[in-house]
Amino acid sequence: LYRAAYFLHMASTLGAWLLIFFISQKSRARLSKFYEVAQIALFIYLITLISVVSSFKYTVFYLTAAVILGMIVLNYYKNYLNKKRNMNAFLVMVAFLLILLGQFFFIFVFISNTLYLFGELSLLIGFLLIFYVYRKVVNK
């Protein structure tokens, strides 16, 4: 039961990061070409495979999440530059950068258990920053 729950956690987390990555891409008619649908099918397969492997070696999960988050940060950095240095775009980029930093702390938790605390704090600050930007945009 523990392994099944851990697998579900990893698969849904990686799937969510991948979905955010797809959303952060430049907007266009998505899923209109066969290769785009094939890419998504390949990504679903890889997420499932990585989640199974990560059940035995947790660093694989955090490394994979860090790679996807790195691509998300790059997309939001490009978005920030394209939006003429909009403050909200900058804050969203920083939020994902903090979440990425949290993943790096989790990768190296074998060095010191204190890194787990720093990872969780980094995640918390990142998610709170996303929430702050969301509230700021919605209340405009």
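Checked against (1) at pLDDT below 90; (2) within 16 Å of the chain's Cα centre (by Cα); (3) open to solvent by 90 Å² or more (accessible area, probe 1.4 Å), THR64 passes all but condition (3). Among residues of the range 14-55 being of a type in the set (S, T, N, Q) and over 24 Å from GLY102 (Cα atoms), the one that is modelled with the highest pLDDT is GLN39.
In this structure, ALA65 does not qualify as in contact with a Lys or Arg (Cβ under 8 Å, 6 or more places away or on another chain), of a type outside the set (D, E, K, R) and either part of a helix (DSSP H, G or I) or in contact (Cβ under 8 Å) with a residue 40 or more places away in the chain (or both).
Looking across the range 95-132, the residues that are more than 15 Å from the chain's Cα centre (by Cα), closer than 14 Å to THR59 by Cα and open to solvent by 40 Å² or more (accessible area, probe 1.4 Å) come down to PHE108, PHE110, ILE111, TYR116. Counting only residues that are over 16 Å from SER122 (Cβ atoms) and either open to solvent by less than 30 Å² (accessible area, probe 1.4 Å) or assigned to a helix (DSSP H, G or I) (or both), the range 73-91 holds 13 of them.
Might you let me know whether the range 93-104 holds any residue that is out of contact with any Phe, Trp or Tyr (no Cβ under 8 Å at 6 or more places or on another chain) and either outside any helix (DSSP H, G or I) or free of Cβ contacts under 8 Å to residues at least 12 places away in the same chain (or both)? No, the conditions are met nowhere in the range 93-104. In the range 14-36, the residues that are under 18 Å from LEU46 (Cα atoms) and open to solvent by less than 50 Å² (accessible area, probe 1.4 Å) form Cβ pairs under 8 Å with partners that are hydroxyl-bearing (Ser, Thr, Tyr) and modelled with pLDDT under 85, at six or more places apart or across chains, as follows: LEU14/SER51.
The values are calculated or read from the model by the stated rules, or taken from the named source; none is laboratory data. The structure displayed is predicted, hence computed values, not measured ones. Cβ atoms come from the backbone with ideal geometry, glycine included; neighbour counts cover every protein chain shown. SASA here: full protein model, heavy atoms, side chains in, ligands and nucleic acids out. Shrake-Rupley method; radii C 1.70, N 1.55, O 1.52, S 1.80 Å.
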